[in-house]
């Protein structure tokens, strides 16, 4: 079996391990339930001053975006347990005693977790579109749904990679998840405070890019002022770059930790 085959085996193993977690399944159910409640609530407002018929024809965008918090939480949980659980359960030694390099092992773990996250995001995107069609009828701009899906996948890289990094660096699942969740909450609070008090557009803070990238993409694709604000190419480029930089830095730190430390120990 070649290197790609070994990475593929780890990817399959990571899918089975992550899907066994009830909290991930619970978050998926909650995300779909939240999407449904949003659609039910908005369906009562169609044709009123709060929701015009034109806006109703673009409700699939809201159906997809409103589950953003659940997507980030799922990313945090999937990434947070990916590496650390192997140390906690003593399986890291077993896996790395096989004919597999540490780079192949980490690549399989990362790609397995992130591909599973992408599958969940595809499900949430599909449900958002299906609900909008069911509650609001024919929708406009559905040809952009695949692009929206890719934007959501890309935006989730920041907190998945951060949680993945904490999982390897601290080798404790609970600590990794809590630290990443705390970063999510803290950056969500700090950003508007900086903007309000000092007029600073805190775009370097992780949450700004992670939460705004999908809507910035759609603002460039759909020209409907009553539905989305005008596009901002500069902000879109900044968000794209910020996500890439954070994801690369976090992943490199995790890789350095794995390559340079003793696998059998939770802390070096």
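The values are calculated or read from the model by the stated rules, or taken from the named source; none is laboratory data. Everything quoted here is computed from the prediction, not taken from an experiment. In this analysis, Cβ positions are derived from the backbone assuming ideal geometry, glycine residues included, and neighbour counts consider all displayed protein chains.
Beta carbons closer than 9 Å, at least 6 apart along the sequence or on distinct chains, pair a first residue in the range 66-83 that is touching a residue at least 24 places away in the same chain (Cβ under 8 Å) with a second that is assigned to a loop (DSSP other than H, G, I, E, B) and surrounded by fewer than 24 Cβ atoms within 10 Å (Cβ to Cβ) for 77/21; 78/21; 81/21; 83/171. Applying the condition of being under 24 Å from residue 70 (Cα atoms) and touching a residue at least 24 places away in the same chain (Cβ under 8 Å) to the range 38-54 and asking which residue is surrounded by the most Cβ atoms within 10 Å (Cβ to Cβ) yields 39. Counting only helices (runs of 4 or more DSSP H) that sit wholly inside the range 77-163, those with at least 2 residues that are touching a helix residue (DSSP H, G or I) at 6+ places or on another chain (Cβ under 8 Å) and within 19 Å of residue 253 (Cβ to Cβ) are 84-88, 102-136.
State all residues of the range 70-102 that are under 21 Å from residue 176 (Cα atoms) and surrounded by fewer than 20 Cβ atoms within 10 Å (Cβ to Cβ); if no residue qualifies, say none. Talk me through it step by step, then tell me what you get.
Taking the range 70-102 and keeping what is under 21 Å from residue 176 (Cα atoms), we get 70-93, 102.
85, 88, 89, 90, 91, 93, 102, listed by residue number.
Scanning the range 226-247 for any residue that is modelled with pLDDT of 85 or more, within 30 Å of residue 53 (Cα to Cα), more than 20 Å from the chain's Cα centre (by Cα) and part of a helix (DSSP H, G or I) turns up at least one such residue. Residues that are in contact with a helix residue (DSSP H, G or I) (Cβ under 9 Å, 6 or more places away or on another chain), assigned to a loop (DSSP other than H, G, I, E, B), modelled with pLDDT under 95 and closer than 29 Å to residue 141 by Cβ do not occur anywhere in the range 185-196.
Number of residues in the range 1-37 that are in contact with a helix residue (DSSP H, G or I) (Cβ under 7 Å, 6 or more places away or on another chain), over 18 Å from residue 121 (Cα atoms) and buried (at least 18 other Cβ atoms within 10 Å of the Cβ): the value is 3.
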